[in-house]
1. Condition first: exposed (fewer than 12 other Cβ atoms within 10 Å of the Cβ), at pLDDT 85 or above and over 30 Å from residue 122 (Cβ atoms). Can you find one or more residues in region 159-173 that meet it?
2. Can residue 134 be described as under 14 Å from the mean Cα position of the chain (by Cα), modelled with pLDDT of 90 or more and either of a type in the set (Asp, Glu) or buried (at least 19 other Cβ atoms within 10 Å of the Cβ) (or both)?
3. Keeping to region 183-228, report how many residues are among the small types (Gly, Ala, Ser), farther than 26 Å from residue 116 by Cβ and in contact with a His (Cβ under 9 Å, 6 or more places away or on another chain).
4. Does region 30-42 contain at least one residue that is small (Gly, Ala, Ser), assigned to a helix (DSSP H, G or I) and at pLDDT 85 or above?
5. Is it true that some residue in region 80-89 is in contact (Cβ under 8 Å) with a residue 12 or more places away in the chain, of a type outside the set (S, T, N, Q), within 30 Å of residue 214 (Cβ to Cβ) and touching a helix residue (DSSP H, G or I) at 6+ places or on another chain (Cβ under 8 Å)?
6. Just to verify a result, which residue in region 190-202, among those that are assigned to a helix (DSSP H, G or I) and touching a residue at least 40 places away in the same chain (Cβ under 8 Å), is surrounded by the fewest Cβ atoms within 10 Å (Cβ to Cβ)?
7. Between 52, 20, 115, which is surrounded by fewer than 18 Cβ atoms within 10 Å (Cβ to Cβ), under 18 Å from residue 132 (Cα atoms) and modelled with pLDDT of 85 or more?
Amino acid sequence: MGELRWGGRREFGPYSALLAALVLFIALMPILDNGGIGSLLIRIGFDVVLLAGLGVARNSRRFLTIAVVLVGANLAVQWLAHLLTGNEESRQLLRLLFGAVYLSYLVVVLVRALARHEDATIDTVLGGINVYLLLALAFMQMHALAEWFEPGSYVHGGVALSDPASGQHGALQTTLTYFSFTTLTTLGYGDISPAKPVAQFLCAAEALIGQLYVAIFIGGLVALRIGGRQRASSDERSP
């Protein structure tokens, strides 16, 4: 993947494509997550994110092969799981499991790619933003899994999120996406809270990872920028 220094121009690349898919998916989720056709469009939007993620793994045949297998598994459980089970809850479990695995895998692939950058480029910035958004979505899937396995893991006004009485049951995915972002950024309004040990562990891990990632990424970006300037200055002085 070609890298671009600040101020240059580039074509619409894989990092840009993934970021566009993520932003569009996250922005449209609260608008569309109302059941019926909205839920269908959200599933399609998530599939677009899955496919856009393939671009960031294309530089390594091994990583790309694994990514293709995971995307295929995700698409299968998204659209063909009804052939395996007639239980909607079981299908939802499969979607969450495969979704969490693939999103987490993309985080690993992107972090590995960013660690190899020798200068602060547009790709470095876009890749870093992608990692942050992917972390929030991956943890959203994990929060949903925790609530699926143990209802009442997350409560809103003292009522389990999965309980229709909470008022959040119909848009659980959107609610947990909001919760995941507030946890990752340690904003924490307190309207939703973890009530079970697994949920509490996930929240603590997400907050810690979110803070460490921002600090390390910004520090690394500054270091790469300074290093790039020093190399450029050294090249100019060389005969």
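The values are calculated or read from the model by the stated rules, or taken from the named source; none is laboratory data. For clarity, every value in this text was computed on a predicted model and none was experimentally measured. Glycine gets a Cβ as well: all are built from the backbone with ideal geometry, and neighbour counts include every protein chain shown.
1. No, region 159-173 contains no residue that is exposed (fewer than 12 other Cβ atoms within 10 Å of the Cβ), at pLDDT 85 or above and over 30 Å from residue 122 (Cβ atoms).
2. Yes, satisfied.
3. Count: 2.
4. Scanning region 30-42 turns up no residue that is small (Gly, Ala, Ser), assigned to a helix (DSSP H, G or I) and at pLDDT 85 or above.
5. No; the residues of region 80-89 include none that is in contact (Cβ under 8 Å) with a residue 12 or more places away in the chain, of a type outside the set (S, T, N, Q), within 30 Å of residue 214 (Cβ to Cβ) and touching a helix residue (DSSP H, G or I) at 6+ places or on another chain (Cβ under 8 Å).
6. For region 190-202, the residue satisfying everything is 198.
7. Numbers: 52 fails: surrounded by fewer than 18 Cβ atoms within 10 Å (Cβ to Cβ); 115 fails: modelled with pLDDT of 85 or more.
Sole residue among the options that is surrounded by fewer than 18 Cβ atoms within 10 Å (Cβ to Cβ), under 18 Å from residue 132 (Cα atoms) and modelled with pLDDT of 85 or more: 20.
Table: residues versus (1) more than 21 Å from residue 29 (Cα to Cα); (2) part of a helix (DSSP H, G or I); (3) at pLDDT 90 or above.
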site: 143; (1), (2), (3): no, yes, yes
site: 188; (1), (2), (3): no, no, no
site: 209; (1), (2), (3): yes, yes, yes
site: 213; (1), (2), (3): yes, yes, yes
